[in-house]
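Report on one structure; see the data block that follows.
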Amino acid sequence: MRNLRDLTYNEICEEIKTLGERPYRAGQVYRWVFKRDVREIDSMTDLSKDLRQRLKERFYIGLPEVLEKRRSRDGTVKLLLGLEDGLTVECVLMHEDRRTTLCVSTQVGCAFGCTFCMTGRGGFLRNLTLSEMAGQVSRAGDLLEEKERITNVVLMGMGEPLANFKEVVRFIKILTDPDGMGFSKRKVTLSTAGIIPGIERLGRTVDIRLAVSLNATTEGVRSKLMPINRKYPLGELLSVLRRYPLKRGGRITFEYILIKGINDSLRDARRLAGLLRGIPSKINLIPFNPFPGSSFERPEEDRVVAFQDILREEGYTVVVRKSKGGDISAACGNLYARPLKALDRKVL
């Protein structure tokens with residue numbers, strides 16, 4: 001049997017056709033699954049009992065299991081979700097001002113081995129499916145009060161979204177479809193370590209916000225921090241980003257993790273300003289979030305401010321991102337997957 005949450009609208013249309021039903025039934029099923037977020041086929045009350053029964057013979061509606069819920073002192077919530085094959089994945093719900101942002105994972109683990117990120121330490125296990133990414137939105141939504149809602153979705157959790165291109169694009173299209181999950185395209189951001197072919201394809205395929213994890217101003221330092229730079233060098237990456245199809249007023253967000261003594265010098269700040277010249281940019285500075293086993297350190301506050309000031313003087317919009325959920329290992333670069341056998345499988 002297949003999970004209905006793994007089917008796009010067109011795929012549901014094909015299934016409805018094979019059942020001998022009229023085409024409009026596909027739209028009903030699609031909206032029940034993704035817009036109304038039903039958990040049982042029998043809840044689709046505008047379908048006949050006969051059609052519901054035939055659907056149940058072929059499909060089910062599955063969600064990841066909530067195995068653990070941890071709440072930070074700052075209100076951030078991290079969910080550990082169990083997948084059908086016994087693997088786990090984490091997602092993070094963050095509240096700030098009038099925004100409620102969900103950080104979605106796209107892979108179990110990560111193959112790219114960025115030295116400042118804990119996720120890659122466990123290696124890459126597999127890509128997530130459409131239903132497993134959509135399921136993170138559903139499970140996070142269950143935590144909200146009746147009048148609350150998730151306002152922003154960022155694909156910045158475990159994994160590299162562009163290494164799971166096909167399923168991620170399927171998810172984004174449903175996420176931003178008014179008849180699907182209904183998020184504004186302006187409220188969805190994909191973050192990449194810099195897979196150049198994926199960036200080029202993304203710009204031709206969907207219209208959402210792009211964030212690029214940069215983290216260095218020279219080829220040598222970036223290659224040490226991010227091995228992907230050896231395949232897709234900084235210079236080539238920036239050339240591609242200069243051609244990225246932005247809508248009027250659109251900007252690319254550059255994420256720059258500040259690591260003490262590695263990439264946080266004032267010379268780095270000036271170099272960064274030069275590198276991004278000509279690219280409509282917003283810069284997020286992220287002081288390094290320490291984790292066990294890492295030799296890196298977080299820079300002092302005055303160094304972070306000085307770095308920010310130089311970029312501002314050069315005319316850039318620069319935000320120092322406050323770490324959310326550091327006390328529950330939910331901050332940027334701290335997510336980590338564990339097999340269910342290593343957990344007390346107590347479903348919440």
Item to check | Inter-site label distance for residue 166 and residue 126 at 7 Å from Cα along Cβ, in nm | outcome: 1.4 nm
Item to check | Reachable lysines, given that their alpha-carbon falls under 19 Å from the alpha-carbon of residue 185 and they are not under 8 places away in the same chain | outcome: 35, 166, 173, 247, 282
Next on the checklist: Over segment 2-60, what is the relative contact order in percent, taking alpha-carbon pairs closer than 8 angstrom and at least six residues apart?
Outcome noted: 37 percent
Next on the checklist: Loop-only trypsin sites (Lys or Arg not before Pro) in segment 217-318, please: DSSP not H, G, I, E or B, and at most 13 other Cβ atoms within 10 Å.
Outcome noted: 231, 243, 247, 248, 277
Next on the checklist: Angle check, please: helix 165-175 long axis (alpha carbons) against the longest principal axis of the chain (alpha carbons), in degrees 0 to 90, nearest 10.
Outcome noted: 70 degrees
Checklist entry - Where in segment 7-26 is the amide nitrogen less than 14 Å from a point lying 7 Å along the Cα-to-Cβ axis of residue 35? => result 9, 24-26
Checklist entry - Say R0 is 35 Å: what FRET efficiency, to the nearest 0.05, do residue 260 and residue 185 get from their beta-carbon distance? => result 0.40
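Dipole size in debye (nearest 20) for the chain around its Cα centre, Lys and Arg Cβ +1, Asp and Glu Cβ -1? Before the final figure, lay out each step's value.
Values: 60 positive and 44 negative charges, 124 e Å.
For the chain, the charge dipole is close to 600 debye.
Grab the other residues whose beta carbon is less than 13 angstrom from that of residue 270, score K and R as +1, D and E as -1, and report the net. All intermediate terms of the calculation are to be shown ahead of the outcome.
Values: positive: 267, 271, 277, 312; negative: 264, 268, 309, 313, 314.
Net charge around residue 270: -1.
If you average the sequence gap of Cα pairs under 8 Å that are 6 or more apart and divide by the length of the chain, what percent do you get for the contact order?
On the way: 646 pairs, mean separation 60.3, N = 348.
Once divided by the residue count of the chain, the mean separation gives 17 percent.
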Checklist entry - Hey, quick one: spin label on residue 14, modelled 7 Å out along Cα-Cβ, who in segment 126-144 has an amide N within reach, i.e. under 17 Å? => result 130-131
Item to check | Sequence-distant lysines (8 or more away, or on other chains) whose Cα lies within less than 18 Å of residue 260 | outcome: 224, 322
Checklist outcome for this item: Filtering GluC sites (Glu not before Pro) in segment 52-106 by DSSP loop and by at most 13 other Cβ atoms within 10 Å leaves 84
Checklist entry - For segment 2-60, rounded, prolate or oblate, judged on the Cα gyration tensor with a ≥ b ≥ c (square roots of eigenvalues), a/c < 1.5 rounded, else prolate if a/b > b/c? => result rounded
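Readers should treat all values here as calculations from the given coordinates under stated rules, not as data from a laboratory. The structure presented is a predicted model; accordingly, all values stated were derived computationally and were not measured. Glycine gets a Cβ as well: all are built from the backbone with ideal geometry, and neighbour counts include every protein chain shown.
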